[in-house]
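Report on the structure given below.
The values are calculated or read from the model by the stated rules, or taken from the named source; none is laboratory data. Here the structure is a predicted model, which means the values were calculated and not measured. Positions of Cβ are backbone-derived with ideal geometry, glycine not excepted, and every protein chain shown enters the neighbour counts.
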């Protein structure tokens with residue numbers, strides 16, 4: 001490497017300090033992990049219950065996001081309509097909104113006395129908050145934007161000539177969508193779904209605000225970590241390590257594919 005191509009030393013030092021902000025906490029977690037007791041800590045009833053609920057809620061959020069998030073991304077990418085920027089802003093809002101505020105908004109909308117929750121309760125007797133469905137809705141609200149922005153970016157960057165060629169050959173709009181558009185953006189859809197699942201697995205603020213923290217009913221892995229920090233720090237560290245490992249793996253594997261959609 002020539003002297004001209006070498007980065008300035010000050011820049012390297014500052015970059016290393018920036019990386020340390022993220023690396024040091026992870027090293028601290030690894031240093032305090034009770035490796036010998038890890039199997040027993042992760043097999044306790046509290047952990048098993050929280051793990052089951054986290055898997056159910058995160059997979060449920062992923063399925064819901066796939067069903068409604070992909071069409072929403074297509075609409076935002078391909079259709080000009082009044083208020084599109086506002087709709088996109090609302091979709092992306094959970095990315096920057098404090099999760100607790102998102103949970104409060106869900107509570108005011110879907111709670112027993114909420115805007116939608118009250119008539120729903122009077123008509124069906126269904127109470128969404130403090131239930132498994134409440135957990136699923138909370139994590140969906142926070143995680144689905146990852147799928148929408150990933151797929152929308154892929155649709156915007158898609159070469160429209162392939163779709164135009166299929167239409168010229170007589171394919172209907174549905175056929176073009178199924179046979180051309182979706183297969184071409186499927187890698188981005190897969191990446192967005194994995195990111196959605198990972199974000200749903202780690203959601204805390206919206207869940208505890210909207211669904212509560214009831215063991216065996218609404219207590220997910222992040223909530224179990226929060227409780228364990230006060231009573232069993234070893235369990236909290238073990239759970240934290242598992243979630244860090246899952247999240248880091250997802251980000252490392254999907255980083256290049258995700259950024260290529262932008």
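Tabulated values for the structure
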| quantity | calculated |
| --- | --- |
| Test result for residue 24, modelled with pLDDT of 90 or more and surrounded by fewer than 17 Cβ atoms within 10 Å (Cβ to Cβ) | yes |
| Residues satisfying the stated conditions in the stretch 52-75, i.e. over 15 Å from the mean Cα position of the chain (by Cα), under 16 Å from residue 222 (Cβ atoms) and surrounded by 17 or more Cβ atoms within 10 Å (Cβ to Cβ) | 53 |
| Of the criteria (1) modelled with pLDDT of 85 or more; (2) over 30 Å from residue 251 (Cα atoms), which one residue 166 fails | (1) |
| Test for residue 110: is it within 29 Å of residue 222 (Cα to Cα) and modelled with pLDDT of 90 or more | yes |
| Residue 127, sole failed condition from (1) within 22 Å of the chain's Cα centre (by Cα); (2) closer than 30 Å to residue 49 by Cβ; (3) surrounded by fewer than 18 Cβ atoms within 10 Å (Cβ to Cβ) | (1) |
